[in-house]
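The values are calculated or read from the model by the stated rules, or taken from the named source; none is laboratory data. Nothing here was measured: the structure is a model prediction, and the numbers come from that model. No Cβ is skipped: glycine too gets one built from the backbone with ideal geometry, and neighbour counts run over all protein chains shown.
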């Protein structure tokens, strides 16, 4: 029967496809979905990682929102970093990508130069930035001193510690630049030529053609940037340890300290669940804003 042979053929094809996808599916279940479900369960318990977890209901969440001011401070630090770093990365990445797109035959060289810092090991780079941010003999303050400016204490100041880490995050802007360059290469040149014939200048070309045509790329960079920035950990752990005065204690660093230093894994799981429940609606709102703008 032709129908049965076709169905059996597609079943074999599907089986082969699932077989090749099996390593990824197993990894998804074991290392992503499994820990998510376990975190939800452990958030309702007290658990030290050794003894069996004890069910305590919503006690962790009650303590979190009523008795622990450190969480709200860590949450504020995280959102400060998220929106500050993503705004600067997307803005500077777009500007640099537009400039590089007009570099002609040198675009490949400049693209490599900007992307090179992304592939460098993170820990040595952080120690390099710690030297640059040194308030007494760091190169940044020495450069400011040339103009008679007394540089701040940077990582040693509660006011400047988060801006310093945001400034350091721009080191990895190369990935965003490459994505913007790919989007710019996909814009038809006919649009620019027609607009120039109508008398449009460079600024009008940028706002009326480049930005609207790059809207999906901008949205992608914003969403992935916010999700990535919400997971900030190594920068604060290595460079400041969460200080000074908890000014760089981000949510992930707080979770790490509670889970693996204070051995309060149930309470740490509750914080991770709350962060998850914050990021999911935020992402949904961003998608709805993008869809509404796309309709106009």
- Item | Residue in region 195-210 that is crowded, with 18+ Cβ neighbours inside 10 Å and in contact (Cβ under 8 Å) with a residue 40 or more places away in the chain present | yes
- Query: Do the conditions hold for residue 151, that is, is it closer than 21 Å to residue 240 by Cβ and in contact with a helix residue (DSSP H, G or I) (Cβ under 8 Å, 6 or more places away or on another chain)?
  - Reply: yes
- Among the candidates 227, 238, which residue alone is more than 23 Å from residue 293 (Cβ to Cβ) and either in the same structural domain as residue 287 (by TED's automatic domain parsing) or loosely packed, with under 14 Cβ neighbours inside 10 Å (or both)? 238
- Inside region 57-92, can you point out the residues that are assigned to a loop (DSSP other than H, G, I, E, B) and loosely packed, with under 14 Cβ neighbours inside 10 Å? 57, 58, 67
- So residue 35 clears everything in (1) in the same structural domain as residue 236 (by TED's automatic domain parsing); (2) in a helix (DSSP H, G or I) except one condition, right? Which one? (1)
- Just wondering, is there one or more residues in region 189-202 that are farther than 29 Å from residue 101 by Cα, at pLDDT 90 or above, assigned by TED's automatic domain parsing to the domain that holds residue 124 and over 31 Å from the mean Cα position of the chain (by Cα)? no
- The one condition residue 148 fails out of (1) part of a helix (DSSP H, G or I); (2) at pLDDT 90 or above; (3) over 30 Å from residue 234 (Cβ atoms) is (1)
- Enumerate the pairs (first residue in region 219-230 and within 11 Å of residue 286 (Cβ to Cβ); second residue anywhere and modelled with pLDDT under 95 and surrounded by fewer than 18 Cβ atoms within 10 Å (Cβ to Cβ)) with beta-carbon separation below 6 Å, excluding pairs fewer than 6 apart on the same chain, so at least 6 apart or on different chains. 219/290; 223/286
- Of the residues in region 264-286 that are exposed (fewer than 14 other Cβ atoms within 10 Å of the Cβ) and more than 15 Å from the chain's Cα centre (by Cα), the one that is farthest from residue 39 (Cα to Cα) is 285
- When every residue in region 108-134 that is more than 22 Å from the chain's Cα centre (by Cα) and closer than 22 Å to residue 234 by Cβ is compared, the one surrounded by the fewest Cβ atoms within 10 Å (Cβ to Cβ) is 131
